[in-house]
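The values are calculated or read from the model by the stated rules, or taken from the named source; none is laboratory data. Nothing here was measured: the structure is a model prediction, and the numbers come from that model. Neighbour counts run over all protein chains shown; Cβ positions are idealised from the backbone, glycine included.
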Amino acid sequence: MPHRDRVLMGPGPGNPYPEVIEAFSRPVLGHLDPDFIALLDETNERLRAVWRTQNRLTFPVSGTGSAGMEAAFVNVVAPGDVVVVGVNGVFGERMCDVAERCGAQVIRVEAPWGQPLDAQQLLDAHPAPAIIAVVHAETSTGVRNDIAPLAARPVGTLLLVDCVTSLGGIPVEIDDWSVDIAYSGTQKCLGVPPGLAPLTLSERAVESIVERPQSWYLDLNMIARYVTGEGARAYHHTAPITMIYGLHAGLGALLAEGLEASWARHAECGAALHAGLEARGFRLFAADGHRLPELTTVWLPDDLPAGLDDATIRGRLLDRYGIEIGGGLGEFAGRVWRIGLMGHTARPRNVTLLLGALDELLDR
């Protein structure tokens, strides 16, 4: 667990919900214990509620969000498939890499970092691709890409969406948006430490699972047969018991609050942070109208006090105030901050704490 006096506000793991901390202290059951199986089934039901889907094949992959990304691609991409990928940040680039490793013919549709993707360009990139893949909330830039317009894709094309930073923090409507495959991570707006990757597949996606995926560990065939009622539950691998406890508790806390209430809380905190930063002379990085409330990207000021730079300020925020924020990636390293308000961390008091700390450090 993070030190209790630290507020983790970077793009990575945030502070877990108190219910999650308690769940991690529970006695560990065996991974085949009937009580654990019942808890896992209930966790999957809670995931369906958070994903806003009826998909039967919905469960947490044993691994972080990157495992969810790989599971999503290796199970439905065959060599030679045309895969259209939206690229406006690091994680769109990673999608391209994973698809290429599966032997796909990747068509990139790009937008500058900080700008959203054009949904029509994605739809027009190829007349009949096997997959269109998009990052909903680009963690490297703080940009939200629109998913709903992609429901108009060609018949037979699967829609694959990265929801690592969006699930639980902003609206995600798997069924209403006609999304076929989506994955997330526990450590963002779900308020659970990293270690699991919630995954959901539509019936069309299940029917498209390749016979022999390139990864044995991430092969969904045995799991899919059980979930769709075509076979008995298979022992595929040892489940991470304690992580499932934590996810079960985190989803319970989120659903008890209510998804709409959680979205509103994240929106309130994000708006307050954006306004507070702009009032202090900061320039927001992500395009207006597509800024994430849960992940704020901002340019470092040009008029920093003497002796202060990116690393020094973030180091002092951590050492003096217990606040951790993330730095920029790629060409924006040292020039942009990524400030997370996710899950339990999305609280007005944390906005006030950060803005007050910046006032003191930068003499605003």
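Numbers below:
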| item | result |
| --- | --- |
| Residues that are in contact (Cβ under 8 Å) with a residue 60 or more places away in the chain and either among the aliphatic types (A, V, I, L, M) or closer than 16 Å to Trp113 by Cα (or both), drawn from the range 93-102 | Met95 |
| Complete set of residues in the range 299-324 that are among the hydrophobic types (A, V, I, L, M, F, W, C) and farther than 19 Å from Lys188 by Cα | Trp299, Leu300, Leu304, Ala306, Leu308, Ala311, Ile313, Leu317, Leu318 |
| One residue from Arg316, Arg347, Arg320, Arg335 being touching a helix residue (DSSP H, G or I) at 6+ places or on another chain (Cβ under 8 Å), over 30 Å from Pro18 (Cα atoms) and charged (D, E, K, R) | Arg335 |
| Where a residue in the range 47-66 is assigned by TED's automatic domain parsing to the domain that holds Thr238 and its partner, wherever it lies, is assigned to a loop (DSSP other than H, G, I, E, B) and of a type in the set (A, V, I, L, M, F, W, C), with Cβ under 6 Å and at least six apart | Trp51/Ile174; Arg52/Ile174; Thr53/Ile174; Gly65/Val164 |
| Residue match in the range 335-347 (condition: surrounded by fewer than 18 Cβ atoms within 10 Å (Cβ to Cβ), modelled with pLDDT of 95 or more, closer than 21 Å to Pro13 by Cβ and assigned by TED's automatic domain parsing to the domain that holds Glu278) | yes |
| Scan of the range 3-53 for residues that are loosely packed, with under 15 Cβ neighbours inside 10 Å, under 30 Å from Leu329 (Cα atoms) and not acidic (Asp, Glu), ordered by number | His3, Arg4, Arg6 |
| Matching helices (runs of 4 or more DSSP H) fully within the range 1-119 where at least 1 residues are touching a helix residue (DSSP H, G or I) at 6+ places or on another chain (Cβ under 6 Å) and modelled with pLDDT of 95 or more | 34-51, 65-74, 90-101 |
| Residues of the range 139-155 satisfying the condition of being in a loop (DSSP other than H, G, I, E, B), among the charged types (D, E, K, R) and crowded, with 20+ Cβ neighbours inside 10 Å | Arg153 |
| When residues of the range 326-364 are limited to those that are basic (Lys, Arg) and either more than 18 Å from the chain's Cα centre (by Cα) or in a helix (DSSP H, G or I) (or both), the one nearest to Ala271 (Cα to Cα) | Arg347 |
| Residues that are of a type in the set (Gly, Ala, Ser) and without any contact (Cβ under 8 Å) to a residue 60 or more places away in the chain, drawn from the range 67-88 | Gly80, Gly86 |
| Residue list for the range 139-162, filter: free of Cβ contacts under 8 Å to residues at least 60 places away in the same chain and touching a strand residue (DSSP E or B) at 6+ places or on another chain (Cβ under 8 Å) | Ile147, Leu150, Ala151, Arg153, Thr157, Leu159, Val161 |
| Per-region count, the range 283-309, residues at negative phi and at pLDDT 95 or above | 16 |
